[in-house]
Structures are given as structure tokens and as C-alpha cells.
1. What spacing in nm lies between the two simple spin-label points modelled at A:PHE2 and B:ILE153, each 7 Å away from Cα in the Cβ direction?
2. Tell me the distances, shortest first, between B:PRO149 and the same position across the other copies, using label points 7 Å along Cα→Cβ, in nm to one decimal.
3. So what is the orientation-averaged projected area of the range A:148-294, using the convex hull of its C-alpha atoms, in nm²?
4. For the range B:233-294 and the range A:220-294, what is the separation of their C-alpha centers, rounded to whole Å?
5. Can you give the mean number of other chain Cβ atoms that lie within 10 Å of the Cβ atoms in peptide A:182-190?
6. At 0.36 nm per residue, and after removing the present C-alpha to C-alpha distance, how many nm does the segment from A:ASP28 to A:LEU271 gain when stretched out fully?
7. Run lengths n ≥ 4 of DSSP H only: what is the helix-derived mean residue ellipticity at 222 nm for chain B, with -39500 (n - 2.57) per run over all residues, to the nearest 500?
8. Seen from all sides and averaged, what is the projected area of the convex hull of the Cα atoms in the range A:1-83, in nm²?
Number of protein chains: 2
Amino acid sequence: MFQLKTTTSIAASREFTEDRIWLNGKEDDINHPRLQSCLREIRRLARKRRNSGSEDGISRILNDKVHICSINNFPTAAGLASSAAGYACLVYSLAKLYGVEGELSEIARQGSGSACRSMYGGFVQWLMGEREDGKDSLAQQVEVETHWPELRILILVASAEKKHVGSTAGMQTSVETSPLLKFRAESVVSGRMAEMIESIRKKDFESFGQLTMKDSNQFHATCLDTFPPIFYLNQVSQQIISLVHRYNTHYGQTKVAYSFDAGPNAVIFMLEPTVNEFVEVVKRSFPPASNGDL
Amino acid sequence: MFQLKTTTSIAASREFTEDRIWLNGKEDDINHPRLQSCLREIRRLARKRRNSGSEDGISRILNDKVHICSINNFPTAAGLASSAAGYACLVYSLAKLYGVEGELSEIARQGSGSACRSMYGGFVQWLMGEREDGKDSLAQQVEVETHWPELRILILVASAEKKHVGSTAGMQTSVETSPLLKFRAESVVSGRMAEMIESIRKKDFESFGQLTMKDSNQFHATCLDTFPPIFYLNQVSQQIISLVHRYNTHYGQTKVAYSFDAGPNAVIFMLEPTVNEFVEVVKRSFPPASNGDL
């Protein structure tokens, strides 16, 4: 077990002839529109700042090209929010480089929607907003990092394979084809958000866990209602879900909760005293395949 | 490939000391409330008929105990409507034995809800009804057997295992816990029923197929939205779904449609000219495991 993280290094130099990016050691397309959008926005803010005279040092590097190097220590494009982490880290690092301060969440959102949340620590909500141009679709911190120190998150990698359907494309198809998603967005989400914020405020794990699981399941239900249907959960995900329910039933309370984003990998929530036992249960339920096979 | 069927034989004799039933060669519990309900109802109708004087021959056997033998030539309790077929066949056979005529659909419904549909041939709808006691929840034939002679149904058995969650228990949990099921029942089903009847009337396979797939997916979405979630589809089911969509995309039209009931096994609809090719495609996509493994 280790901490999941993204590390991004950026170098600016007049020797560089073009902007370039490497993801996990492999060069990637710098011309990706979402990436360009982040670069452009941060540089625009930096220029604005320079022109207002508040910063001199950055003039030197503002015309330089950059080389960006981003590394995840966890599977990329496998439903573990690697692009949210990547874009949040990129926008934060670019802002540091150019001395830009202030509201970066909106810029990160242009890289990956959910990256706007990742600019904050602690518990964060993503406000839907009402404007056509989405400019009021921002993230807001609900509670700070130190609010619920006993809460632990465990990631179970059911498959490190890249997903067949990207989350953004998948969500667009769902919006276009799923009657259940429409109902969920209009009639379920806002009530659940209020309940969730309340559970977090009260540090009520029972209610937090139940809501987390129900909402994860409902998200995947809308994926199935999408046409053609999208399956993010695989057989191992299903086994993990069943294991969590059996574990909670055994204790007669919600000690552990799962959530799955756009992929088969489980995000497991629990309180600190439960960690060791649950990890042991997972290890016994999913013994290493190599023991028998090699 | 062969025809799926249930064969039920019933013997009545004054030598028998109790009612008994064998399912697929193994004795089962005759005291099952749903089974008792069917037996009681048919015998009640038979007595009524005898008392009204319209039938004499049955007096002799009405006090006899029966031995019932029911055999499916396809997997039981694997989401292939074995109980619907079984109860429909049982009620029909009992009615024959006791000389009962008329409306048997309501009696079959007491055995298994969906058995009420199986009392008719052709295309049948199950009316929800409005009465609290469910007496107006009946099946109605939409089109006769000969209406769409080119239509073919292929069953792909993804797993012959008995399901973990029975369909009736599963549906009850869904009704209690799934907000999406409530929405589906109130706002989606009736419109789709009307569309489906229209597609069948017009023998419009494109619309029939699309609707069939979307409705199957939405049913399974509500299973996932149930708490704890119910998974009827397995990895093979998902592969079949994906294969059908690729096949249709290749032809730029809906040539094949899938539907999954409360189990992983696929019910595939197509028109006669498509059968040979699609069966070939399935065989290539799912080669027998024994070729490589043994």
C-alpha cells in the first residue's frame, strides 16, 4: 500500500524550440485542445500580472517554451481520476512557475472537469452552475483536510488496463441517451449532495458510507442505461461490492463503503480502526494469482 | 440448437396418498405456497364446474391425489423464465386433467407473475392493473403466433448456474430501494409499451430491436440501483452485448437485438435471413474452451 500521487515537473528554457509533454515517461501530444487551453489560460494570467507591473521576474520566462513531465504512481485512464490529478497538478505547477496566484480551479476544469475539485484538499463539492458557458461550474471546499482525520481511503486495482470508453465521452453519450441520467440529475443528485455534506459535517460514517455506495451504484446504473450501454464494473468489481456488503452485514453496520468512478477499480472508504482487518479480508478473498499459476 | 420447452405430466390416482411433484427428476416441495395456490384454484374451478352439472367425468378424480412431473430441456432458475414456463405448463395440464376451461392466466400468475403471459402464444403484454388485490393484473395477447413468421429467437447460455437472487425477491428489493425503478415504472414503461406494440404491429425490426435492447439495459440499470445492488449480467453477457452492437454497427442497422431477463443468459432476436451468419459470428467469438484447454 502506498499513497497515490501525481508528480509534475516543468522546465522553461529559451533553448527549447517548442512546448512538449511526457506522461509517465512517454511523449504525448502537446496540441491536445484541453492541454492547450490550460497552458494558454495560465500564460494569459501571467501576462496580465506582468503588465500590471506586480511581477518582473516572469518576463524572462514568459516567452520560453516549456517541457512538462508528469508521472502518476498509479494506473492511468483506469477510472482512478488520473486526468483530474494530472491536470490539477499541471495547473498548480504552471501557476507556480509563472507566479500566478488566485482562482485556478476554473482553469483546471478546462483540462478535466473533475480536476477543478482536485485543486483543493479535504472535502470538495463541484457546483453544477447555471450559466450556459459553464463559468459558474466551480469547485468549493466543504471541509478542510483536517476535518475527519480517522477517514481512510483504500484503492483496490481490479484492472490496470486503460478503459475502452473515456469518462468524458461516456458521460456525453449518457446525457444524450439515458432517461435515467436525466431523472438522476434533476431529481436525485441535489438532495443527496445536501445529505452527503451533512454526513461529512457530522462525521457520520454510517450515513456517509450508505450514500457513497448508493450513489456509486446509481452512477453505474445510468451507464448501463446509456445506449449503447457502458460497463465500467467488471467481475472483480462485482466481487468487491459483494465482499463489502457481506463484511458490513457481519458487523450489522456500515464499516466499509465502496465507490467506483469510470472504471473497475474500487475506492474503499473506512475509519482507521477498520483498515488492518479489512485489508486482511481483501487479501484472503483475492489471493495472489501467481501462487498457483507460476 | 433446439427448441426450449417445458414438459409436464400429471397422473391422478386413488392409490396416491399425497400430492407430489418432481422437477427435472428430483422431488420438490409440493407445499410451496405458490404451487398450492395453483392446485387449489384449478380444483376449485373443477368443483364449481362439477356442481353446475356441466361435467360428470371429473367427479371420479377430483378427490384423487396427483403426481406431477415437470421437465425443462433448458437451465432452470438461470433467468430463462423456467418458472414462467413451468407454471404455465402446470396450470394448462391441470386444467386439461380436470376439464377446466376459460381464463387460466390469472391462476398461472399466482404461480409466477410472468407465467400469466406464457398462457398465450404470439406476442403478449402483461397489464399492470390498478386494483390493490392485483386481480386486474392480467396478460393480453397483442398479436397471434403467425403474425411475424420471420422473427427468430436464439438463446445464448452464458451460465447455467442457478442465480443467487431469485427474480421475485430481487424485484421486491428493487421496488423498496431503487429510485430509478420508481421513475422507470411511472414515467418510462407505458410509453415504451405503446411503442413496442406499434413496432410489433408494423413488424418494424429496427424499432423493435432498439427498444428491446434499451429496455433490457434499463431493467438491469434498476437492478444496479437496488441496494444492495443486484448483478444479473456477467462478463460473458457484457461480451455478447458488445458483439451485438459491433454486428449492427457493421451493417449500419439493427439486425440483431439482445434482451436479458433476471440472469446472464442472452435472448437474441433477429429475422430469419440473419440467423446462420450471426450464429457463425457467435461461434467464432466464443470458441469452445475445450479446444485449447484439454
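Taken together, the values in this text are just the output of simple stated rules run on the coordinates, not laboratory data. Remember, predicted model here, so these are calculated numbers, not experimental data. Cβ sites come from the backbone with ideal geometry, for glycine too, and all protein chains shown count toward neighbours.
1. 5.5 nm
2. The projected label point of B:PRO149 is separated from its counterparts by 8.0 nm.
3. 10.1 nm²
4. Rounded to whole Å, the Cα centres lie 29 Å apart.
5. Per residue, the average neighbour count from other chains is 2.
6. Details: separation 243, 0.36 × 243 = 87.48 nm, distance 3.89 nm.
Computed gain between A:ASP28 and A:LEU271 is 83.6 nm.
7. -13500 deg cm²/dmol
8. Values: hull surface 27.5 nm².
With the hull built on Cα positions only, its mean projection is 6.9 nm².
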